[in-house]
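Let me begin by presenting the structure, written as structure tokens, before commenting on it.
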Amino acid sequence: MEHIRYYECLNDFEPLLPLTVEKIHNYVGKICNQGLSLSYIDQNLKALRDFYEWATHQKAYASSVDYNILPYFSLTNNQRKMARAPEYKESYEIDDILGVIRQMPAQTEIQQRNRALIALQALCGMRIAELASISLGNLKYNPTAKNWFVFVTPRNMRVKFAKTRYAYFMPWGSDITNIVLRWAEKLRELGFKDESPLFPGIDNQFGKNLLLAPETKPNSIQDQTIRDIFKNTFKAAGLPVYRIHSFRHTIARWAELNGNPEFFNAVSQSLGHSSVQTTFYCYGTLPHSKIGQILATHPS
């Protein structure tokens, strides 16, 4: 609807039908001169193609739309490649992340929650919706593997593509793992159940942190609150602010550089990717600085 509205505005609300090649060419020329990103223009034209394709299947409109002219709602091949080219994805080094976590204060309940939140993200590489919706009961231990994991399930979590996975902890050290485990233990001592949020929203009233009022049901933390926690934490540490999702890139790149194919496959499945190719091409490609370092140190 947004893209159709933009199309109408740019065409001074001319009738949507009949559709002609000339009208399409005029519109493509107009939108390309609006100073918009090629990515947005590409999305806009695709939405219009889909809309008019739908119209060709409607008895009332089919005679006014020639299906064969719809491909003219498109950019040139080079423009499409530019529009869909991935941006350079910045991410932290794992040592920087662990250093920040180890220096985070943990005197108040809010500070303890925030530190456990970032520690779990470093251990598992969760998506922000997963962090916000994880329950205490999703944190589990596998005695055979001798490792903790998050049981990521669409039954009680907001999960991309509703895919179930076992997000095992990365080997960052017992101190990082214990930050999460001590937080979970504290919640259970306060009366939290398996269905309670692992990262609850905490209210400040008159300078007091109210983690769990006896008469209320704890609410899950908000997505924006999570973003603010990560932003403020890394900014205070003097580091650049990257997306929370960048932790997944950090983990994949570390795995590629520090493990064998079996290890990389394990990390790929823990991140929830359908194949190692997804991990490698979308997450595990070497950062440009590492490429430069390898080339600079290679014996001539």
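Part of a helix (DSSP H, G or I), closer than 30 Å to residue 246 by Cα and of a type in the set (Lys, Arg): does that describe residue 30? In short, no. Checking each residue of region 222-242 against the condition of being outside any helix (DSSP H, G or I) and within 13 Å of residue 125 (Cα to Cα) gives no match. Do we find that residue 137 is out of contact with any Gly (no Cβ under 9 Å at 6 or more places or on another chain), at pLDDT below 95 and surrounded by fewer than 18 Cβ atoms within 10 Å (Cβ to Cβ) in this structure? So residue 137 does not fit the description; no.
All of (1) loosely packed, with under 14 Cβ neighbours inside 10 Å; (2) more than 30 Å from residue 256 (Cβ to Cβ) hold for residue 19 with one exception: (1). Checking region 44-56 against the condition returns no match, with no residue being among the small types (Gly, Ala, Ser) and not in a helix (DSSP H, G or I).
The values are calculated or read from the model by the stated rules, or taken from the named source; none is laboratory data. Everything numeric in this text was worked out from a predicted model, so none of it was measured. Positions of Cβ are generated from backbone atoms using ideal geometry, with glycine treated the same way; all protein chains shown enter the neighbour counts.
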